[in-house]
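Remarks on the structure that follows.
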Amino acid sequence: MVNEDSYLVPPKLLEAFRRDGVVVLPGVFTEEEILEAKTGLATTLKIHEVDVQDLEKTAGNLRKLSTTGGSGGVLDIFYAPWKLRLSENPRFFSAISQLWAATYAEGRASSKGGVCMDVRRGTMEGQGEEREEERGIDATDDEQPLYAHPHGPFDPRRGYFYLDRCGFRVPDRISAQHAKGKRPLQRSLTPHLDCCPAALYTSDKAVPRWRPVQSFVALTDNLGPQTGGFECVKGWHRTFQSWADHRPTCRQTGKAAPCVGDFTPIRPVEDAEVIARFAPVYYQAGSVIAFDWRIPHANATHHVGPEPRQVSYASFLPDVPVNREYARRQAQRFYNGLQPDDQWKENSDSREVYGDGSVFEFSDLGRRLLGFGAEEVSLRAENEIGALERGDAGREDNLCRFSGRRQPGDPCSAGQKRECGKQGCT
Ligand SMILES: [Fe+2]
């Protein structure tokens, strides 16, 4: 099943993904790769004065890496080399590419995206073609094609990184030892969606993106309940649209169910039917867990296991216009030492210690997943971020080094008024 450069997703797992909206892909990463990643994570934590061998004393320093207030054990580590190495792994991208090919790549238009479609008869305007094949596992409650969307067909072999955080959730006993008042160091990631059901394709973000398949890499096993692991509602993508269309308003205020950006909490009372269907998903280290963006998910309320639960959150974005723009901004931020700003944060006081992007040598695939030819990133970043976000001249060195052709000291092109690697040049 596994070779160096590709991972063949077995047909039964493709079918499981279409049926359940979630799938565990075992053995995408080798034991050596996982060990390397865990060693890298331990080294990163050491920089932040967290000793994984002595969490009783040092776990409190995890607080400085969390902008979620400890929720889910999610840490703001985006650009660590070990993490980027996982994300550019060809087997990982190959696996997700096959999930796209089996679902969204065909690109049927969605009535929810503003494209004309007769939902009741299940036909596209002007075509008049029956869609009987949409019954069975691809049927939805409201007779919409299951993978309809407004972004058009795309080539599933092309895509971009979605650079994301990581998870290091300590056992509850450690969390309690480092509590502040009644608040433990960490807590679960409560049930939510990373999309707004009432406005799937009309994000109010300045730089929106479309991530139809979410994923993470398991660095540790999760084989039992209440060990901080992943939980979700299997099959909810088939129920999603009819649920979204009739979702109860807030009982106390009468207002519509809230979305914070594209983070949508699943409410204990009003969304009780969803909560009741949550179940754990078990997996071994080295697996990739992938799920449809319409699947409500969480992690376990408790972690009674002996070891920290460790994951690298990492996804890919299909090559559609909205994601090209997102990838461009993402690459700019990366090479300017700025963390991604797409994720939900309770507070925003963390700093990226791996801000000097030039230290990481991407593979050819990694460069493509970052989204641009090297020179294009360099020029666009220089031209468009400019003084707005680039706080010091030193960061221009990163852009120059990344260009590949130009070295510090070489004259810069495209109207740049500074020489790479020098301050104050004209
Ligand atoms: Fe999420």
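Here, each number is a calculation from the coordinates, and none is a lab measurement. It should be emphasised that the depicted structure is a prediction, and the values quoted were computed from it without experimental measurement. Here the Cβ is made from the backbone with ideal geometry for all residues, glycine too, and neighbour counts use every protein chain on show.
Using a ≥ b ≥ c from the Cα gyration tensor of the stretch 186-338 (square roots of the eigenvalues), is it rounded, prolate or oblate, where a/c under 1.5 gives rounded and otherwise the larger of a/b and b/c decides, a/b for prolate? Note, shape of the stretch 186-338 comes out oblate. From a point 7 Å beyond the Cα of D54 in the direction of its Cβ, which residues of the stretch 161-182 have a backbone N at a distance under 18 Å? Label zone hits: 174-175, 177-178. Normalised by the number of residues in the stretch 1-116, the average gap of Cα pairs under 8 Å and 6 or more apart makes the relative contact order 33 percent. A simple spin-label model places the labels of R183 and L365 4.1 nm from each other, with each point 7 Å out along Cα-to-Cβ. Shape class of the stretch 218-265 from the Cα gyration tensor (axes a ≥ b ≥ c, square roots of the eigenvalues): prolate, since a/c reaches 1.5 or more and a/b is larger than b/c. Taking other Cβ atoms within 10 Å as a rough exposure proxy, Y282, Y335 sort from fewest to most as Y282, Y335. A Förster radius of 45 Å, combined with the Cβ-Cβ distance separating K12 from T39, puts the computed FRET efficiency at roughly 0.85.
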